[in-house]
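The values are calculated or read from the model by the stated rules, or taken from the named source; none is laboratory data. The model shown is predicted, which means the values in this text are computed figures rather than measured ones. Neighbour counts are summed over all protein chains in view; Cβ atoms, including those assigned to glycine, are modelled from backbone coordinates with ideal geometry. When the accessible area is computed, the model is the full protein with side chains, heavy atoms only, and any ligands, DNA or RNA have been set aside. Shrake-Rupley method; radii C 1.70, N 1.55, O 1.52, S 1.80 Å.
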Amino acid sequence: MQAIAKTRAAFGADIVELPTPHPADNQLLVRIAACGICGSDLHIYEWELGAERMVARMPFIMGHEPAGEVVAIGRGVIGFKPGDRVALDPFGHCGRCGPCRAGRFHLCAQPTTLSGAFADYTIAPVGNAHLVPATMDFETAALLEPFGTGLHAVELSSLKAGDSAVIAGPGPIGLSVALAARALGVSSIVMTGLTADSGRLELARAMGFATVCASDRDWTEQVRARLPADGADALFDASGAIDSPRELLRRGGEFVEVGWPARDLTAAELRALFFHGVTWINSRIRSPETWRRAIAMVAAGQIALTPMVTHRYDLTRGIEAFELLRARQGMKALIIPRGQ
Ligand SMILES: [Zn+2]
Ligand SMILES: [Zn+2]
């Protein structure tokens, strides 16, 4: 089978030919139908910002937002059979560690992982697989992973219907936060991005969200003008920039980090947040419960995810897809292994 792999601790990725794997006990062999490219894949492609923690795994197949069809199952598998449609989470949970025993599966200390999904096939531990309805198209199913990240962030916040939220970073995760917040009934939602994100901001507007360009000198005032007078109940940072939480949040508001923090905070900034009574929440990945709700919301037609797909590439053109996203073009790009 073909795959896009990281073979060296440097910029770039390679298209490689590998044998099709076989599922071991409690594993599924899944034929990939679609796999999203994510900002973290870009970090790994460019080999920056925390990618060095992956050196030990090298060489490895990239890709972690797949959906596809189960084609074979290992011994001991319960609940899945060949022909089932599945969406895969790159992180399963061990069920034994402290966080798992406390029901905080998204903080599992020893998560089970996929073998990489920019490939014709991938191996998934059963705990990483989520059944989706046979009526759900594979592109939608592949978008459940990023949508689940956004939904999880909203669920970790205290947002309620009628509240207000600012979302920094108009990429697929920011947009997923916005979709989840709107589904919850949040009344004022403002998305922000830089001039370089103008295409993404335009798509966010087309999907019904107010946007502000954070490259404008008076951008915080522009955002505040679209919020209740005392500021936002929650600020979701899907950009890593951690920009102006004190200026945008109401006193006692919540700052939810959904991106990879990309700068150091000064003691003065932290003091300002302290005196403003800001609650800081870090939201990484998803929980099995989030998957259940995300699948139900999408299956019920409450949320449409495919409008965020702007580009599709087969495996042989995978490198082009990375270069497109590096240029901040497009919203969500999907790898469709066998093309369309
Ligand atoms: Zn991702
Ligand atoms: Zn665990």
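Per-structure values
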{"quantity": "Long-range amide H partners of F91 with built H, under 5 Å", "calculated": "none"}
{"quantity": "Cα pair count fraction exceeding 23 Å, expressed as % - the stretch 150-282", "calculated": "22 percent"}
{"quantity": "Environment charge at M62 (Cβ cut-off 9 Å; Lys +1, Arg +1, Asp -1, Glu -1)", "calculated": "0"}
{"quantity": "Using a Förster distance of 30 Å, the FRET efficiency for V55-L265 (Cβ separation, nearest 0.05)", "calculated": "0.65"}
{"quantity": "In nm, spacing of pseudo-spin labels at K81 and A134 (7 Å Cα→C-beta vector)", "calculated": "1.0 nm"}
{"quantity": "Karplus (6.51, -1.76, 1.60) ³J(HN,Hα), θ = phi - 60°, over the stretch 219-231, in Hz, Gly and Pro reported as x", "calculated": "5, 5, 5, 4, 5, 4, 5, 9, 10, x, 4, 8, x"}
{"quantity": "Hits among aspartates and glutamates - C-alpha to C-alpha of K81 under 13 Å, sequence gap 8 or more where chains match", "calculated": "E69"}
{"quantity": "Rounded to the nearest 10 Å², the accessible area of D264 at probe 1.4 Å", "calculated": "140 Å²"}
{"quantity": "Accessible area of V126 in the full protein assembly, 1.4 Å probe (Å², nearest 10)", "calculated": "40 Å²"}
{"quantity": "Residue-wise HN-Hα coupling along the stretch 129-139, computed from phi with Karplus coefficients 6.51, -1.76, 1.60 (Hz; x: Gly, Pro)", "calculated": "9, 10, 5, 10, x, 4, 7, 7, 6, 5, 5"}
{"quantity": "Distance in nm between pseudo-label sites at T279 and R205 (7 Å out along the Cβ direction from Cα)", "calculated": "3.4 nm"}
{"quantity": "Projected label distance in nm at A327 and A272, using a 7 Å step from Cα toward the beta-carbon", "calculated": "3.6 nm"}
{"quantity": "DSSP bridge orientation in the stretch 150-282 - percent antiparallel, rounded to nearest 5", "calculated": "0 percent"}
{"quantity": "Per residue solvent-accessible surface (Å²) - the chain, probe of 1.4 Å", "calculated": "43 Å²"}
{"quantity": "Estimated Rh, the chain: Kirkwood, alpha-carbon pairs, angstrom", "calculated": "20.5 Å"}
{"quantity": "Percent accessible area from carbon and sulfur atoms, the chain, protein chains only, probe 1.4 Å", "calculated": "53 percent"}
{"quantity": "Computed [θ] at 222 nm, deg cm²/dmol, the chain (DSSP H ≥ 4; -39,500 (n - 2.57); rounded to nearest 500)", "calculated": "-7500 deg cm²/dmol"}
{"quantity": "Relative contact order (%) - the chain, alpha-carbon pairs under 8 angstrom, separation at least six", "calculated": "17 percent"}
{"quantity": "Rounded Å value of the spacing that divides the Cα centres of the stretch 1-65 and the stretch 226-305", "calculated": "29 Å"}
{"quantity": "Where R271, R31 fall by accessible area, highest first, once all protein chains stay in place (1.4 Å)", "calculated": "R271, R31"}
{"quantity": "Sequence of E155, E221 when ordered by accessible area, the most exposed leading, probe 1.4 angstrom", "calculated": "E221, E155"}
{"quantity": "Per-residue ³J(HN,Hα) for the stretch 21-35, Karplus 6.51 cos²θ - 1.76 cosθ + 1.60, θ = phi - 60°, Hz, x for Gly and Pro", "calculated": "x, 10, x, 8, 3, 6, 10, 10, 9, 10, 7, 6, 9, 7, 9"}
{"quantity": "Area accessible to solvent at H311, 1.4 Å probe radius, in Å²", "calculated": "50 Å²"}
{"quantity": "Cβ-based charge dipole, the chain, positive-most Cα from L42, S158, V16", "calculated": "S158"}
{"quantity": "Amide H within-cut-off set for I281, under 5 Å, with H built and near neighbours excluded", "calculated": "F255, V256, E257"}
{"quantity": "Distant-in-sequence amide H partners of L249 (H built 1.01 Å from N, under 5 Å)", "calculated": "A232"}
{"quantity": "log₁₀ of I(q)/I(0) at q = 0.16, 0.17, 0.23 Å⁻¹ - the stretch 189-228, Debye sum with one point per alpha carbon", "calculated": "-0.34, -0.38, -0.68"}
